[in-house]
Amino acid sequence: MDLSIFGILWALIERACLMLVLFMLIFHIKFFKRMLDHKMNWADQLVLAAVFGILSIYGTYSGVQTTGAIANIRNLGPMLGGLLGGPWAGLGAGLIGGVHRYFMGGFTAFPCALGTILSGLAGGLLLMLWKGNIGVWKPTLFAFIMEIADMGLLLLIAKPFTATLNLVSIIAMPMILADSFGIAVFSLLLRDMKATHSTRAEINMR
């Protein structure tokens, strides 16, 4: 399917919105309420890694194929996992999505897998650095920079360079903007959910 760059961007945003809807549905599970109360244990982090690792695989399979390139939102799942659960959850989600991508093969298999793993780990480390107060603009900027770095990994590692450059010229802008959009909307939703959770907790204490 040969789409314009803006056509690819719109298609990826649609897929990111579906991923966020799935996140909204599962967020009402008691497990996520423990996360808001900062009471997660190792088992919870494993579940979080598995959930967002599966979303990462969805991001790969739902990719938009165009002339010589497949644009995707694979890194969105691990970034979300890291920003929610910390480094171990992000790394776990990244490993699930990254290893899956690696065994799909292709000349970009290794840098794509590495970028996915690093996205999850970086999201988790930033959650620690920000002490849980991620806000909205900080994670959005993180996603923007992380996707640019991901494109840089492709150009540095994947061979032949000419084919990689052609690939990046098609997929870079849609993937950078779609993942940044997804993280921005996620951050807004998370902020509202935390506010609602805090309000309910205060009411229950009265």
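The values are calculated or read from the model by the stated rules, or taken from the named source; none is laboratory data. Please read all numbers here as calculations on a predicted model, not as lab measurements. With ideal geometry, Cβ positions are generated from the backbone for all residues, glycine too; neighbour counts draw on all protein chains shown.
Observations, loosely collected:
- Just one of the listed residues (Leu46, Leu121) is surrounded by fewer than 18 Cβ atoms within 10 Å (Cβ to Cβ) and in contact (Cβ under 8 Å) with a residue 12 or more places away in the chain, namely Leu46.
- Enumeration of residues in the range 13-45 that are at pLDDT 90 or above and within 21 Å of Leu118 (Cα to Cα): Ala16
- The one condition from (1) touching a His at 6+ places or on another chain (Cβ under 9 Å); (2) within 19 Å of Met193 (Cβ to Cβ) that Pro139 does not meet is (1).
- Selection within the range 147-162 - out of contact with any Gly (no Cβ under 8 Å at 6 or more places or on another chain) and not in a loop (DSSP other than H, G, I, E, B): Glu147, Ile148, Met151, Gly152, Leu155, Leu156, Ile157, Phe161, Thr162
- Complete set of residues in the range 64-83 that are surrounded by fewer than 20 Cβ atoms within 10 Å (Cβ to Cβ) and assigned to a loop (DSSP other than H, G, I, E, B): Thr67, Gly68
- Of the residues making up the range 131-145, those that are part of a helix (DSSP H, G or I) and farther than 12 Å from Leu80 by Cβ are Trp137, Lys138, Thr140, Leu141, Phe144, Ile145.
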